[in-house]
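Scroll down for the structure; my scribbles are underneath it.
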Ligand code: HEM
């Protein structure tokens, strides 16, 4: 039933693409269709890429700029203005770029990318984003050889973002990646969700998604992408360096100091469903593990 | 009058249980129902701790012994909701999968202190009857002062499980600190006060 709703709101082309994608993964569509009642969902495997329902993706958000409750972003972001929106790509680049979100949308074709999202709090969703690899945009800026890291700076606008009136985190929100992480094809600049424009509560107009890292690494409402030589300090590292490291790769073997990361609750799977084991690199180890070969991931958490 | 009042308060104390049953029935618990249930009972445990601790000061302030008559019932509801809270965690969230549970209890300080608080509640629940009060005599009062420790453990549990320190855990901590401070002052004047 939920499936039918999705096809209704999804442009056909994307919908078919999505079906192909699921088929390529070797999952039969019919098995996904029956998996709707909670008993079946109780056995949902961690490899399932069945998207979480839109109503959860769009109402259960951590976006402290709008408040710390999960419902704050959807309730308080509806009048947030995302137009006009300018993004600057600067720092250690040969070709500084000033560009609007609209121009970015026209310049790069967004495709559907269905990724797992694992929150550091211990829950997960599967989200059908629309977006493209960040590397495409960075290539245009031509990082120079001093560019070792990339810093992402989100918007600072306490008038529109009530959460920024409180010093919960250092504002504006900052995140960072190593340059090779940023250039990895899985690292996505997101422009949409479920075949539509990105909702404000999910980080419109432009956000990052780094599917093998905890959700907070994926900055929302980005206004500045800075290529830098030294490792940037993210807002969460600043707030609690013992608990939030620069890498923050999803890792079931490295706990958050205060709670376990070994398993996760699947959003929307119902009251009787079990936790599922968390996967190394959120299940993207085949693609990204080589970025960290030889590194002690307990030390570089 | 107290005769009619007590059953009424008893029913009222079941409200947090009733509300969650309705929410489950109407599928009203949102994206993370298990967490919602767990947090619901955790918060109500803390609220009942605060209510229990309010009875003696109320008796002092109003000069009515009426309040004390509810103290035992409220205290037992603390134990009841703490136990339901614990069972939600052990049974519904972790499906009696003991390895991660034992790991949490031993290694995660917020679980450790919450579990300690629950353990400390057990002797208080067992010795809550009139008969036990008589048997234990003066020791009963000393034993039941454990509730102060439980209250502090409960608020630490809440602070430590919060991702960053937010408003609510601090409000509860403040309320508990005030309720405990009221006792220190009063005790100087009245040694028999419990
Ligand atoms: C006197 C005893 C206890 C009190 C007063 C208490 C209180 C609370 C409170 C206030 C919350 C947070 C509610 C919210 O965020 O809205 C909570 C959450 C929680 N408590 Fe307790 N608790 C107690 C005992 C325990 C015990 C014995 C355990 C398990 C061994 C436990 C495990 C948890 C867990 C797992 C959470 C949810 C954490 C999360 O995922 O957000 N608590 N508790």
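We did not get these values from a lab; they are worked out from the coordinates using the rules stated. Computed from a predicted model, the values in this text were never measured in an experiment. Glycine gets a Cβ as well: all are built from the backbone with ideal geometry, and neighbour counts include every protein chain shown.
Shielding value for A:218-230 is 0, the average number of Cβ atoms from other chains within 10 Å of each residue's Cβ.
Counting neighbouring beta carbons within 10 Å and listing from fewest to most, the residues A:100, A:235 come out as A:100, A:235. Estimated from helices alone, the mean residue ellipticity of the protein assembly as shown at 222 nm is -13000 deg cm²/dmol (sum of -39500 (n - 2.57) over DSSP H runs with n ≥ 4, per residue).
Once the mean of 1/r is taken over each pair of separate Cα atoms and inverted, the protein assembly as shown shows a Kirkwood hydrodynamic radius of 25.3 Å.
Among rounded, prolate and oblate, which fits the range B:1-96 when a ≥ b ≥ c are the square roots of the eigenvalues of its C-alpha gyration tensor, a/c under 1.5 means rounded, and a/b larger than b/c means prolate?
prolate
Ranked by the mean number of other Cβ atoms within 10 Å of their residues, highest first, the peptides B:28-35, B:75-82, A:255-262 come out as B:75-82, B:28-35, A:255-262.
One quarter of the convex hull surface built on the alpha carbon atoms of the range B:124-177 amounts to 4.3 nm², the projected area averaged over directions.
When both the range A:92-131 and the range B:68-96 are represented by their alpha-carbon centers, they are found 45 Å apart. Pick out which of B:138, B:71, B:95 has the largest mean-square fluctuation in a Gaussian network model of chain B, springs linking Cα atoms closer than 10 Å. So, out of B:138, B:71, B:95, the one fluctuating most is B:138. The residues A:134, B:180, B:119, when put in order of fewest to most other Cβ atoms within 10 Å, stand as B:119, B:180, A:134. Taking Cα atoms only, the orientation of helix B:71-87 departs from the longest principal axis of chain B by about 10 degrees. With coordinates expressed along the principal axes, the C-alpha atoms belonging to chain B extend over 50, 38, 35 Å, beginning with the largest. What shape does the range A:118-170 take by its C-alpha gyration tensor, where a ≥ b ≥ c are the square roots of the eigenvalues and a/c under 1.5 counts as rounded, a/b above b/c as prolate, and the rest as oblate? Oblate is the answer for the range A:118-170, as a/c is 1.5 or above yet b/c matches or exceeds a/b.
The mean count of C-beta atoms from other chains within 10 Å of the C-beta of residues in B:71-84, rounded to a whole number, is 0.
Counting, for every residue in A:61-68, the Cβ atoms of other protein chains within 10 Å of its Cβ and taking the mean gives 1. Here the range A:69-83 and the range B:16-47 have alpha carbon centers that stand 25 Å from each other. Protection proxy ranking of A:183-190, A:135-142, by the mean of other Cβ atoms within 10 Å over each peptide's residues and highest first, is A:183-190, A:135-142. Here A:222, B:133, B:184 are placed in order of increasing Cβ neighbour count within 10 Å, fewest first, which gives B:184, B:133, A:222.
Sort the range A:6-292 into rounded, prolate or oblate with this rule: let a ≥ b ≥ c be the square roots of the eigenvalues of the Cα gyration tensor; rounded if a/c is under 1.5, and if a/c is not under 1.5, prolate when a/b is larger than b/c, oblate otherwise. In terms of gyration-tensor shape, rounded.
Seen against the Cα atoms of chain B and their longest principal axis, helix B:98-107 is set at about 60 degrees.
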